[in-house]
Number of protein chains: 2
Amino acid sequence: MTKTNVFPKIEDKTEREEGTVFAPNFDAHGLLPVIVTSAKTGEVLMFAFMNAQALALSIETGEAHYWSRSRKSLWRKGETSGNTQRIVEMRTDCDQDVIWLKVEMTGAEACCHTGRRSCFYRAIPTGDAPGAALSLVWVDAERHFDPDAVYGHGAAAKGTLKSS
Amino acid sequence: MTKTNVFPKIEDKTEREEGTVFAPNFDAHGLLPVIVTSAKTGEVLMFAFMNAQALALSIETGEAHYWSRSRKSLWRKGETSGNTQRIVEMRTDCDQDVIWLKVEMTGAEACCHTGRRSCFYRAIPTGDAPGAALSLVWVDAERHFDPDAVYGHGAAAKGTLKSS
C-alpha cells in the first residue's frame, strides 16, 4: 500500500509532453484534478481530485480513490454508498497535470451525492448574454437512490458529503 | 460584451443543488474548471478554466472562451490556431463549481497545442503498484497539425502556449 509520493518529477516540458514516463504534475496543494466519465455511455459523471496516495491506490487496485478537500481525507469512491467505480481506462493530459478516468459503476450506477447518475444534471442555455435570470434546464435528473437513506437524513440537502 | 461578473451568488446548498438559478461558484481565484468533450465522439478533449468574463462570452456567443492562467488573459479558443470550438451543450454540476462543455471543433479538429486531437493521448496502466518506472501508453496520438507551423518554431516544445 503506497502512502507517499512514489512518482518521479520531470521539469523538461518536451520530455513531459512527448515522453512515456508518468510524472504527474501535482498542484501547489499536492492535488490533480480528475475527470470521470462513464465507460458505457461516455458522459461526464463527476469531477474530483487525487493526491499522490489516491492516485497510487487507484493505479494499484483499479478502483477509483480520491482526496476529499472538504473532509481532508482519502476517499474510496462508494465506501459509504456502495456505488464504487472500476477503472476501465486511465489517461493523463499533455502536461500531466490532469487525470481522465473511464469507469464502470457498480451498485445503483449513480455517482452524485444527490442520487443522480451524473453530477451534471442541469444544462446552461447559450445564445443570449447572461443576466441574473439565467435559468438552468434539467437533463437526466432522475434520482437513482435516495440520498437520505444512503447518507442519513439531510445529507444531500445539508451537504455533509460532496459525492457518494 | 460582458466584462464583469453578472452572475448571482447562492449561499444555500439545497437551492444551489436543486434549483434552476445559474449561480456559478467561482474558486478563490475567480475561476471555474471546465471539462471539454467532443459532441461527436464523447471523448475528453481538454481541461481549462473560465473566469466570469470567459463564461459570459461563452454563453453569449456559443463559442468557447477560457482564461489562460499562464498568460493571465482571456482566450478565445482557436484565435491563433483556427481550431475554434462551437458549444453544442453546456452543463454545470451539483454544486455549480464545474462546467462541462460539449463542443464541435472546426479547422483541423485538433484541440491540443501539441497537434493532437485530444490532450489525453497517453494512458496510464493499472493493476500494479506504481513505481518510478511506470510507462505511459500512446493512444490516439497522431498529430493533426504541425505545432511549429501554427504557433511558430518551438512553441509546443518550449511550451509558450498551453493549448491552441
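Structure summary
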item	result
Axis-proximal residue, chain B, for the rotation superposing B on A (Cβ, Å)	B:42, 2
Debye intensity ratio in log₁₀ form over the Cα atoms of segment A:55-125, taken at each q of 0.11, 0.28 Å⁻¹	-0.31, -1.32
Rg/Rh (Cα only; Kirkwood hydrodynamic radius) as it applies to segment A:43-89	0.94
Theoretical ellipticity at 222 nm over the protein assembly as shown - DSSP helices of four or more residues, -39500 (n - 2.57) apiece, nearest 500	-3500 deg cm²/dmol
Equivalent-ellipsoid semi-axes of the protein assembly as shown, from the Cα gyration tensor, Å, largest first	29, 27, 16
C-alpha long axis of helix A:52-61 to longest principal axis of chain A, angle in °	90 degrees
Label distances, nm, residue B:61 versus same residue in remaining copies, Cβ-directed 7 Å point	4.5
Listed pairs B:13/B:40; A:77/B:102; A:102/B:40; A:13/B:72; A:13/A:102; B:9/B:40 exceeding 28 Å between Cα atoms	B:13/B:40; B:9/B:40
Cα-derived Rg over Rh, computed across chain B with Rh taken as Kirkwood radius	1.01
Over segment B:15-71, relative contact order from alpha-carbon pairs under 8 Å, at least 6 apart, %	23 percent
Cβ-derived FRET efficiency at R0 30 Å, residue A:71 paired with residue A:129, nearest 0.05	0.20
Chain B, relative contact order [Cα under 8 Å, separation at least 6], %	19 percent
Loop sites in segment B:25-94: trypsin sites (Lys or Arg not before Pro), DSSP, at most 15 other Cβ within 10 Å	B:40, B:69, B:71, B:72
Hydrodynamic radius (Kirkwood) for segment A:1-88, which is based on Cα pairs only, to one decimal in Å	14.1 Å
All-pairs Cα distance distribution in segment A:93-148, expressed in whole percent, bin size 5 Å	4, 16, 16, 15, 14, 15, 14, 6, 0
Shortest-first nm distances, residue B:127 label point to equivalent points in other copies (7 Å, Cα→Cβ)	4.8
Per-copy distances of the residue A:21 label point, shortest first, in nm (7 angstrom along Cα→Cβ)	5.2
Peptide B:50-61, shielding by other chains (average Cβ, 10 Å cutoff)	2
Per-residue HN-Hα couplings for segment A:20-35 [Karplus 6.51, -1.76, 1.60; θ = phi - 60°; Hz; x = Gly/Pro]	10, 7, 7, 9, x, 9, 5, 6, 4, 8, x, 10, 10, x, 10, 9
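Each reported figure results from applying straightforward, stated rules to the coordinates on display, with no laboratory input. Given the structure is predicted, the values throughout are model-derived calculations rather than measurements. Here Cβ is always computed from backbone atoms with ideal geometry, including for glycine, and neighbour counts include all displayed protein chains.
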